[in-house]
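What follows is a set of notes on a single structure, which appears directly below.
What follows draws every value from the coordinates through simple rules; no lab data is involved. These figures come from a predicted structure and were not determined experimentally. Here the Cβ positions follow ideal geometry from the backbone for every residue, glycine too, while neighbour counts run over all protein chains shown.
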Amino acid sequence: MKPRYSGIFPVVPTTFDESGALDLASQKRCIDFMIDAGSDGLCILANFSEQFVLSDEEREVLTRVILEHVAGRVPVIVTTTHFSSRICAERSRRAQDLGAAMVMIMPPYHGATIRVGEAAVYDFFRAVSDAIDIPIMIQDAPVAGTPLSATFLARMAKEIEHVAYFKIETAGAASKLRELISLGGDAVEGPWDGEEAITLLADLDAGATGSMTGGAYMDGLRPIIMDFLAGRREQAVEGYTRWLPLINYENRQCGLLAAKALMLEGGVITCDAPRHPVAPMHPVVRAGLLDAARRLDPLVLRWGK
């Protein structure tokens, strides 16, 4: 079965001004750059979008403004994670009504200790699925602290109508993807990679058909994915080897601050500050990131100049 969505769907950072207010002008330029750089689609309001520092009103504004600005140029995944089944379903329905192509959701969790069991997780995703008509991507990441076995994920893919995509970011992601694909068959429409592409090559070898990366250098990452999916593994390996130092710097040193730092350097946005209490990037880390990027000359460093 050919998946509806594949390729590279990077996470869109949320842009603020120096006071911490939303900077919608920069946000729109950010979107334009990310599309120009070769994104097959976009994901908004994810953890790397600093969704955890946004109010409900700001989430609504960003969803509406971004989807209107994209205007159908690429499909957009909207992250609608919430502990409450009801609220997550309402968020997901609203995202669909505004034009989302898919919603991405983590299993319900709160803080370090509040979790629910497997049966409740199943009912949670079934409730959201019943409320919408677009695909659900389950984000399987350590931050949720909720074990989701490949067997359980495959069961949900087979039994819950709109559960079809999976972003696997746990340790041993490639092995889990391989098992999920084997168990789920055609019900697993989109086995995807995450974590800023730090495990991309192994995940592609395991059968991943998409990747949700950071938002700064899709022009470097997309050819790796396209080469691999077209059967040109050697070219994919060469490309991955070339871009891996920057991937590593983003994943291991900078995290969610990397994309905005690179966008600021290239004139895409006017401020790269995170929202307090997230600490700004250390100048030495910034210098290392820019050094790694300049050796590759990605579009992000030239787009706004």
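The figures follow:
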item: The chain: most fluctuating residue of 179, 50, 159 per GNM, C-alpha cutoff 10 Å; result: 159
item: Nearest-20 debye value, the chain charge dipole, Cβ charges on Lys, Arg, Asp, Glu; result: 220 debye
item: Under 9 Å, Cβ to Cβ, from residue 299 - net charge with Lys/Arg +1 and Asp/Glu -1; result: -2
item: Sites residue 84 and residue 21, calculated FRET efficiency, Cβ-Cβ separation with R0 30 Å, nearest 0.05; result: 0.60
item: Rounded, prolate or oblate (a/c below 1.5 giving rounded, otherwise prolate when a/b exceeds b/c) for the stretch 7-300 by Cα gyration tensor; result: oblate
item: Pairwise label distance in nanometres, residue 241 with residue 110, each label 7 Å out on the Cα-Cβ vector; result: 5.1 nm
item: Calculated FRET value between residue 73 and residue 2, using beta carbons and R₀ = 22 Å, to 0.05; result: 0.55
item: Footprinting exposure proxy for 158, 2 (fewest neighbouring C-beta atoms within 10 Å first); result: 2, 158
item: Among 174, 185, 146 the positive-end extreme of the charge dipole of the stretch 112-217 (Cβ point charges); result: 146
item: Residue of 77, 168, 134 that the Gaussian network model of the chain assigns the largest fluctuation, springs spanning Cα pairs under 10 Å; result: 134
item: Residue among 75, 27, 261 farthest towards the positive dipole end of the stretch 7-300, charges placed on Cβ; result: 261
item: Gaussian network model of the chain, springs between alpha carbon atoms under 10 Å - residue of 14, 146, 81 with greatest fluctuation; result: 146
item: Reach of residue 167 by Cα under 19 Å, taken over lysines that are not fewer than 8 positions away in the same chain; result: 2, 158, 176
